[in-house]
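The values are calculated or read from the model by the stated rules, or taken from the named source; none is laboratory data. Please read these numbers as outputs of a predicted model, since none were measured by experiment. With ideal geometry, Cβ positions are generated from the backbone for all residues, glycine too; neighbour counts draw on all protein chains shown. Quick note on the areas: whole protein, heavy atoms, side chains included, nothing else; ligands and nucleic acids left out. Shrake-Rupley method; radii C 1.70, N 1.55, O 1.52, S 1.80 Å.
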Amino acid sequence: MVQATYHFPDGFLWGTATAAHQVEGGNDNNNWSRWEAEPGHILNGDRSGSACDWWRGRWKEDLDRAAETGQNAHRLSIEWSRVQPAPDRWDEDALDHYREIIRGMRARGLTPMVTLHHFTDPLWFYDQGGWEQEAAPALFEQFALRAVEAFKEMVNLWVTVNEPNVYVFSGYMGKDFPPGKSDTNAAFAVMRNLIRGHAAAYRAIKRVQKNSSVGFALNYRSIKPASASPFDHALAKFAHNSFNDSFARTLQTGVLRFSAKRAAIPEALGTQDYLGVNYYTRDLVRFAPLARKDMFVKRAFPPGAELSPNGFIANVPDGLFEALHWASQYNLPIYITENGIEDSTDELRPRYLVEHLHQVWRAVNFTYPVRGYFHWSLVDNFEWERGWSQRFGLWGLDVQTQARIRRRSVDVYAEICRQNAISAEMVQRYAPESFDRLFPDR
Ligand code: GAL
């Protein structure tokens, strides 16, 4: 058997990622709580409910598990609707609560990465027009300022906005997220305001904390043409530019190009210190002249790719390399801010994990400046419009009893984190089917 070990750089961050609404529970003051309560929005009528019960204290046990299993970082988000429950009210108790959690992370040896906006909006903000309103960036800036003031002694790694592309496509073009619109003008306005909001938050954080590292987290979807046809090629390029490239590109050029529209946003120039990449899977796209309602695009996973139990994700590890290659053009540090798979039986996850981390190791050796990896997620949590039907946790969750279930993936990830490396011996033990791909004998 091949004996080899793939080492990661010293100081590499190994963690998991979570988001407030998906783990905290007990919040009825944001747009998702309302969306969940309206029939027909969430698969099986699921509700986030108590979620993973973090707000009432179970963050402690989950972060104990993270630290005990070799992780040295954690990415979490701060829920705006808790910190600013009404336009004229800031909740100091909520800020204290988050201070306690972040202090708890540091006490456990977990470097905090803090996200300010992870899909949810306070109801007051949403009801006055959400990110469509011109005032949105300035309102978000005030929240960012409160957060950096509150946590500056403990945090210097910030994510302004999580997956603005998913927020826009799912809420304003695809109807999966609130407000469930299908309106390209609104989508463009929201994209523009999210960029302005990001830029305003970036500058607010920098005013308070010069040595901070501030960026956003992009959902990078690998998009390839399904055939050699020039139509499919043009379509793939268009989709890549709109979905993957537009936000980060605007921060470099000061001009947003999204869909067929453009807008100058000069204040966005230079407002990222790193690239945050969330990568899950790849699509092949085909021009379909009859598919009007799908905007003439047919999407499919690459033929033969292994699929997750609900068919939501195909295991395509080299798409992560592609994403890191794309990110490297910006000449900034890169963090993989999410990567993972829904798999309640944990049959596929160990394989998905080692194969994706192998691609991260390759990228590091191509000298792409990758500084850390955050697996989605630490424990099963509420998966938005898919409710509880999809299980992304290293740890399983029994939603009724709140019991945590240790999956084998916990152990494989723990060994990788502890050794800061992937060894042939580990892969042989946890994911033997991946062995020949990762450790070919010649
Ligand atoms: C991402 C999102 C996360 C999580 C994950 C898995 O798009 O940022 O909140 O839900 O997908 O579905």
>> Quick query: amide H of E306 versus all other amide H atoms, modeled in the peptide plane; which residues come in under 5 Å with a sequence gap of 5 or more or a different chain?
In response: N315
> Ordered by residue, what ³J(HN,Hα) values in Hz, to whole numbers, does segment 266-283 give under the Karplus form 6.51 cos²θ - 1.76 cosθ + 1.60, where θ = phi - 60° and Gly and Pro are x?
Replying inline: x, 5, 7, 3, x, 9, 8, 9, 8, 9, x, 10, 9, 10, 10, 6, 10, 10
> Can you list residues whose amide H is under 5 Å from T111's amide H, if they're 5+ apart or on another chain and H is modeled 1.01 Å from N?
Replying inline: A73, H74
> Hey, can you rank 116-124, 150-158, 176-184 by average C-beta count inside 10 Å, highest first?
Replying inline: 116-124, 150-158, 176-184
> Using a cut-off of 19 Å between alpha-carbon atoms, which lysines can reach K152, once sequence neighbours fewer than 8 places away in the same chain are excluded?
Replying inline: K206, K210
> What are the ³J(HN,Hα) values, in whole Hz, obtained from phi via the Karplus relation 6.51 cos²θ - 1.76 cosθ + 1.60 with θ = phi - 60°, for each residue of segment 419-431 in sequence order, with x given for Gly and Pro?
Replying inline: 8, 6, 6, 10, 9, 4, 5, 4, 5, 4, 6, 9, 9
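Can you give me the relative contact order of segment 13-392 as a percent, contacts being Cα pairs under 8 Å and 6 or more apart?
Numbers: 764 pairs, mean separation 66.1, N = 380.
Relative contact order of segment 13-392: 17 percent.
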> Expressed as a whole number of Å, what is the distance separating the alpha-carbon centroids of segment 390-416 and segment 362-376?
Replying inline: 24 Å
>> Could you sort the peptides 325-334, 165-174 by per-residue average Cβ neighbour count (10 Å cutoff), highest mean leading?
In response: 165-174, 325-334
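If you add up the charges near Q128, with Lys and Arg at +1 and Asp and Glu at -1, over every other residue whose beta carbon is less than 12 angstrom from its beta carbon, what do you get?
Values: positive: none; negative: D121, D127, E132, E134.
Summing Lys/Arg as +1 and Asp/Glu as -1 gives -4.
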>> Only four residue types carry charge here, +1 at the Cβ of Lys and Arg and -1 at the Cβ of Asp and Glu. Report the dipole size of the chain about the Cα centre in Debye, rounded to the nearest 20.
In response: 1100 debye
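Add -39500 (n - 2.57) for each DSSP H run of 4 or more in the chain, then divide by its residues: what number comes out at 222 nm, to the nearest 500 deg cm²/dmol?
Details: 16 runs with 165 residues, N = 442.
Helix contribution divided over all residues of the chain: -11000 deg cm²/dmol.
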> Setting aside same-chain residues fewer than 8 positions from K175, which lysines have a Cα under 28 Å from its Cα?
Replying inline: K224, K237, K261, K293, K298
>> Only sites in a loop by DSSP and with at most 16 other Cβ atoms within 10 Å count here; which chymotrypsin sites (Phe, Trp or Tyr not before Pro) in segment 16-95 make the cut?
In response: W90
> Where the centre of each part is set by its Cα atoms, how far does segment 33-80 sit from segment 288-304, in angstrom?
Replying inline: 34 Å
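Roll a 1.4 angstrom probe over the protein heavy atoms and tell me the percent of accessible area of the chain that is carbon or sulfur.
Its accessible area is 50 percent carbon and sulfur atoms.
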> Between segment 81-103 and segment 191-268, what is the C-alpha centre distance in whole Å?
Replying inline: 30 Å
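What translational D, rounded to a whole number of µm²/s, comes out for the chain from Stokes-Einstein when the hydrodynamic radius is the Kirkwood one over Cα pairs, at 20 °C and 1.002 mPa s?
On the way: Rh = 22.1 Å.
Answer from the Stokes-Einstein relation: 97 µm²/s.
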> Which trypsin sites (Lys or Arg not before Pro) in segment 206-240 pass both tests, a DSSP loop state and at most 13 other beta-carbon atoms within 10 Å?
Replying inline: K210
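When ligands, DNA and RNA are left out and all protein chains stay put, how many square angstrom of accessible area per residue does the chain have with a 1.4 Å probe?
Numbers: 17060 Å² over 442 residues.
Each residue of the chain exposes 39 Å² on average to a 1.4 Å probe.
I need to check one value: relative contact order of segment 296-406, counting alpha carbon pairs closer than 8 Å and at least 6 residues apart, in percent. Numbers along the way, then the final one.
Numbers: 150 pairs, mean separation 26.8, N = 111.
Relative contact order here is 24 percent.
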>> With a 10 Å cut-off between alpha carbons and a GNM built on the chain, which of A67, A248, A424 moves the most?
In response: A424
